[in-house]
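Visitor: Okay, here's the structure, questions in a sec.
The values are calculated or read from the model by the stated rules, or taken from the named source; none is laboratory data. This is a predicted model, so every value here is computed, not measured. Here the Cβ positions follow ideal geometry from the backbone for every residue, glycine too, while neighbour counts run over all protein chains shown. Side chains included, ligands, DNA and RNA excluded: accessible areas come from the protein's heavy atoms. Shrake-Rupley method; radii C 1.70, N 1.55, O 1.52, S 1.80 Å.
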Amino acid sequence: MSEPPVWDVVVVGGGNAALCAAIEAAEAGATVLVLESAPRIYRGGNSRHTRNFRCMHHGPLSVLTGTYGEDEYYDDLMRVTKGETDPELARLTIRYSEACLPWMEAHGVRFQASLSGTLSLDRTNAFFLGGGKALVNAYYATAEDLGVSVRYEAEVGHVHLEDGAFQWLELTDGTRIAGRAVVLASGGFQADIDWLARAWGPAARNFLIRGTPYNRGVVLRDLLDQGAQSVGDPTQCHAVAIDGRAPKYDAGIVTRVDCVPFSVVVNRDGQRFHDEGEDVWPKRYAIWGRLVAAQPDQVAYAIIDDKARGLFMPTVFPPVEAETLEGLAQALGLPGPALRETVDAFNAACRPGSFHPTERDGLATEGIEPPKTNWARPIDTPPFRGYSLRPGVTFTYLGLRVCPRAQVQGADGPLRNVYAAGEIMAGSILGQGYLAGFGMTIGTVFGRIAGQEAATHAR
Amino acid sequence: MRDDQIVYPAGPVDEARRQLEICNACRYCEGYCDVFPALTRLTEIDNAAVTRLAGVCHNCRGCYYACQYTPPHEFELNLPAALAEVRQEGWERHARPQLLARAFHRSGLALAAALVVGLAAMFAALAALRPESGEGFYAYLSHAAMVAIFLPAFLLPLGVIGLGLRGYWREIGGGRLAWADVVRASRRAASMRNLDGGQGQGCNFEKGERYSNARRHAHQATMWGFLMCFAATSVATLMHYGLGMEAPYGPFSPPKLLGVPGGILLCIGTAGLMALKLRADPGLGASGVLSGEFGFTALLFTVSATGLALYAATGTAAVPALLALHLGAVLAFFLLMPYSKMVHGFYRFAALLADRR
Ligand SMILES: Cc1cc2nc3c(=O)[nH]c(=O)nc-3n(C[C@H](O)[C@H](O)[C@H](O)COP(=O)(O)OP(=O)(O)OC[C@H]3O[C@@H](n4cnc5c(N)ncnc54)[C@H](O)[C@@H]3O)c2cc1C
Ligand code: SF4
Ligand code: SF4
């Protein structure tokens, strides 16, 4: 296909939100160009690491069981965000999600029953067959069939606005591309460590980035610099505790360490710092990123004994193992006497009682600070095993403010032909915390809306 | 025999285990095939388990194209290739002598040479053993001579395969079989469930990220075609000995009703498999065996094509030459069974049998 001098719709980004927008715009008859900063092999941003999508539904829908109504969904969102959400956009997203699932299937996405170990999500979250990369592949194939052009290794450096409207944009290699409308779907800024360090503090240099190294917030910064309105706390990011041996970027889901409730967690100095048994792990894993981030050197160590074997999901790297606590301390680089003292004190505080790994069992310590309020059993059966933990950043909250039509809001009102979808605007809805599967829902809903609106504007 | 008494070469099994451990922490591919559900049921990914899982993998490649960790990512996931290496290593190690397996698995040229030897042997046999009387093919080579050549040429290789399978069964911790295991494995083999992508959309063999059922269909044509040809021969043997009915058989006799469509299916299937293999990424299979695999498929194609040609040429002057070609190809095929890709069918079935719920 020969390239038009002016594209109807230019889409910045190559993840879920971008592709949903591109597909919608192309189906509406627009000429569409997708600009993805990653090379083809790494296309798809953080979306390639995802596994499910949270969906409202009345009665069983595809792989989803039961019913998940608007109010329950909204309540779940309010619980995690503690009210940090735009109710209008949130309800719009929730309502629109029900129609999205069949739309996704019609555009090549396949779903599977919830993965082993995630049965609790089989009513609320539809899992992608093969995970997010398979979803991304399906969308690229569909987009290609619809005549969408895609350029890889095309990083957008600047989006040129004039009189409240988009005219052209410039790639970092200097190429200029003109369009009648633009959809910004280039994710958050978490892969720009310098920015993260400016926002969070120098400790952020020790954070690991769970997703793509290509989401560096270049376009977000560019728009904010041009007066676009922002949403979300600019200093915050969503971080979980992951295996400290993970690569700096892009290690995705596998580096999670689920043994914390069955462990004692100590810092670099061998000291405990938080109740490891507060609640079942899926409800607590998100707070441990921050907890570890607050420790010296942003590192912690989860120590278990042989009794914990098989109680949690397998880890990507084998644990460090030793027959004695001192040996383990040495292998992990921890002060041996301090670890011994901590574990002895912990063991002495454990009380007899019955242990139930899958529910809060009330098996609590007595007389130590901080307590461990569930699953507290002495760490005394060799071999002892340990995992180092570091904060792993999932996404950042700062984003562009949009209206229900996905239009980006400039200093003096909406920018006529600039739309945003996905992580780059998710802070409007998910101002705090995280609800599993909601990132893909926001991206799908707003990607679709942005694509439709951009195509309508361009025609 | 316990697992730790089996001497595995470090290499394929260790590499596959490294990758399976990553998969076990991820599980995104759980819906594609039987490998992942079996993986999640394990308490330990020991050598027996790795070998068993490798045997169940049909190389559909779904888990490669869906994987967020394929090279250049530092986790370097390429599970289809890793499991293919384990299977390949096992077929070669369990064969006796191993030397022959290495030669014929890895070299289409060696297979072609074996074919030439088979052909020459048959031409020589036809020239030397031409009977005084006899009907149809038996006018060229007596029934007794055919049996004298082909019975051992069939049974001996089967025996070699049987010995290899015995070792393999121990290695994968096969244990005792229940009838239900046989039924389940047969179903899965018959439908090639592990090539259908988990939802019938097919595999990712020749179209990369897109799904396609072409390979499953070509493979099914090959398998069913082969089984029908085999059944045709078996029925003919029964008719010959049991009922005293000698060849040639009419077009509507059971051997012909099985053999002709079987031969056609086999031709189409093997041609299809070769065409698909040309388009597939060789990096997602075992390394160094492409030529042997092509050679084997081509040999199977030759067997079926010459068989059909022979039938079509009935009563013409081309029969003796075609007969020698066909029988020569069959001879080479039989003798190479333990040393060529043909063994995969036996090992695959064993692995499916051992993969219990
Ligand atoms: C490990 C992990 C697991 C997750 N699991 C889930 C899950 O199961 N369910 C869920 O709902 N959410 C999950 N999330 C969150 C989810 O990934 C995001 O909410 C979602 O992918 C956002 O989609 P997006 O299209 O906005 O951004 P992305 O998918 O990140 O896409 C952004 C795209 O923009 C491109 N880009 C960036 N800058 C530029 C530029 N300057 N020029 C051109 N292109 C650019 C990037 O290369 C990328 O292709 C997970 C996140 C992580 C890290
Ligand atoms: S192949 Fe990749 S995506 Fe699939 S289960 Fe394994 S690690 Fe996960
Ligand atoms: S290649 Fe296909 S059959 Fe083999 S493990 Fe991967 S998904 Fe399963």
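Visitor: Say each of B:VAL183 and A:SER62 gets a label point 7 Å from the Cα, pointing the same way as Cα to Cβ; how far apart are those two points in nm?
Guide: A separation of 3.4 nm, rounded to one decimal place.
Visitor: Would you mind computing Rg(Cα) / (2.2 N^0.38 Å) for region B:146-215, counting N as its residues?
Guide: Cα Rg divided by the expected 2.2 N^0.38 Å: 1.62.
Visitor: What whole-number value in Å² describes the accessible area per residue of region A:12-77 for a 1.4 Å probe?
Guide: With all protein chains present, region A:12-77 gives 27 Å² per residue.
Visitor: Step through the table entries A:LYS133/A:LYS283; A:LYS82/A:LYS283; A:LYS248/A:LYS283; A:LYS307/A:LYS372; A:LYS248/A:LYS307, compare each Cα-Cα distance with 22 Å, and write down the pairs that go over it.
Guide: A:LYS133/A:LYS283; A:LYS248/A:LYS283; A:LYS248/A:LYS307
Visitor: Can you run phi through the Karplus equation (6.51, -1.76, 1.60; θ = phi - 60°) for region A:266-273 and list ³J(HN,Hα) in whole Hz, with x for Gly and Pro?
Guide: 10, 8, 3, 8, x, 9, 6, 9
Visitor: Moving to a separate point now. Relative contact order (percent) for chain B, with alpha-carbon contacts under 8 angstrom and 6 or more residues of separation?
Guide: Once divided by the residue count of chain B, the mean separation gives 27 percent.
Visitor: Report the extension gain between A:THR172 and A:ARG309 in nm, rounded to one decimal, defined as 0.36 nm multiplied by the number of residues separating them, less their alpha carbon distance.
Guide: Gain in length upon complete extension: 44.3 nm.
Visitor: Could you check the simple spin-label distance between A:GLN236 and A:ALA345, using points 7 Å along Cα→Cβ, in nm with one decimal?
Guide: So the label points at A:GLN236 and A:ALA345 sit 3.2 nm apart.
Visitor: If you don't mind, there's one more thing I want to ask. When Lys and Arg each count +1 and Asp and Glu each count -1, what net charge do the other residues less than 11 Å away from B:ARG193, Cβ to Cβ, add up to? Could you put the intermediate results ahead of the total?
Guide: Values: positive: B:ARG184, B:ARG187, B:ARG188, B:ARG216; negative: B:ASP34, B:ASP196.
Value of the local net charge: +2.
Visitor: Could you check what % of the DSSP bridge pairs in chain A are antiparallel, to the nearest 5?
Guide: 70
Visitor: Further, regarding this structure: Calculate the spin-label point distance for B:SER191 paired with A:ALA106, positioning each point 7 Å from the Cα along the beta-carbon direction, and give it in nanometres.
Guide: Calculated label separation equals 2.9 nm.
Visitor: With viscosity set to 1.306 mPa s and temperature to 10 °C, compute the Stokes-Einstein D of region B:3-93, Rh being the Kirkwood radius across alpha carbon pairs; µm²/s, no decimals. Write down the numbers at each step before the final one.
Guide: Values: Rh = 13.1 Å.
It comes out at roughly 121 µm²/s.
Visitor: Comparing the chain by itself with all protein chains present, which residues of region A:113-137 are at least 30 Å² less accessible (probe 1.4 Å)?
Guide: Residues shielded by partner chains are A:LEU115, A:SER116, A:LEU129, A:GLY130, A:LYS133, A:ASN137.
Visitor: Related question: Give, as a single signed number, the net charge of other residues whose beta carbon lies under 9 Å from the beta carbon of A:ASN215, with Lys and Arg counted +1 and Asp and Glu -1. Walk me through the numbers on the way to the answer.
Guide: Numbers: positive: A:ARG216; negative: A:ASP192, A:GLU423.
Net local charge, A:ASN215 excluded: -1.
Visitor: Considering only DSSP beta bridges where both residues belong to the protein assembly as shown, give the percentage that are antiparallel (nearest 5).
Guide: 70
Visitor: Before I look further, what does region A:315-459 give for accessible area per residue, probe 1.4 Å, in whole square angstrom?
Guide: 38
Visitor: For region B:96-354, what is the convex hull volume of its Cα atoms per residue in Å³? Kindly include the intermediate steps, with their values, before the conclusion.
Guide: Working: hull volume 38.3 nm³, N = 259.
So the per-residue hull volume is 148 Å³.
Visitor: Another one. Please sort by residue number the trypsin sites (Lys or Arg not before Pro) in region A:12-120 whose DSSP state is loop and whose Cβ has at most 12 other Cβ atoms within 10 Å.
Guide: When the trypsin sites (Lys or Arg not before Pro) of region A:12-120 are filtered for loop state and at most 12 Cβ neighbours within 10 Å, A:LYS82 remain.
Visitor: Grab the beta carbon distance between B:LEU278 and B:VAL147, set R0 = 35 Å, and tell me the FRET efficiency rounded to 0.05.
Guide: Efficiency, from the Cβ-Cβ distance: 0.35.
Visitor: By how many nm would the segment from A:ASP194 to A:ALA294 grow when fully extended, if each residue of separation counts as 0.36 nm and the alpha-carbon distance is taken off?
Guide: 34.1 nm
Visitor: For the protein assembly as shown, what mean projected area does the convex hull of the alpha carbons give, in nm²?
Guide: Mean projected area of the Cα convex hull: 40.2 nm².
Visitor: In whole Å, what three semi-axes, largest first, describe the equivalent ellipsoid of region A:239-392 built from its Cα gyration tensor (square root of 5 times each eigenvalue)?
Guide: 21, 18, 15
Visitor: Under 13 Å from the Cβ of B:TYR249, count the other residues' Cβ atoms, weight Lys and Arg +1, Asp and Glu -1, and hand me the total.
Guide: Details: positive: B:LYS256; negative: B:GLU135, B:GLU246.
Summing Lys/Arg as +1 and Asp/Glu as -1 gives -1.
Visitor: Using +1 on the beta carbon of Lys and Arg, -1 on that of Asp and Glu, and nothing else charged, what's the dipole of region B:3-93 about the Cα centre, debye to 20?
Guide: Here region B:3-93 has a charge dipole of around 320 debye.
Visitor: Grab the beta carbon distance between B:GLU76 and B:LEU243, set R0 = 56 Å, and tell me the FRET efficiency rounded to 0.05.
Guide: With a Förster radius of 56 Å, E is 0.40.
Visitor: Over both sides of the A-B contact, add up the buried accessible area with a 1.4 Å probe and give it to the nearest 100 Å². Don't skip to the end; give the middle numbers.
Guide: Working: alone 17830 and 16590 Å², together 31730 Å².
What A and B bury together is about 2700 Å².
Visitor: Assuming a ≥ b ≥ c are the square roots of the Cα gyration tensor eigenvalues, decide whether region B:168-266 counts as rounded (a/c under 1.5), prolate (otherwise, with a/b larger than b/c) or oblate.
Guide: Judged from the Cα gyration tensor, region B:168-266 comes out oblate (a/c at least 1.5, b/c at or above a/b).
Visitor: Determine the share of chain A's accessible area contributed by carbon and sulfur atoms, expressed in whole percent, with a 1.4 angstrom probe. Numbers along the way, then the final one.
Guide: Working: 8230 of 16510 Å².
Whole-percent figure for carbon plus sulfur exposure: 50.
Visitor: Find the relative contact order for chain A and round it to a whole percent, using C-alpha pairs within less than 8 Å whose residues are 6+ positions apart.
Guide: Rounded, it is 24 percent for chain A.
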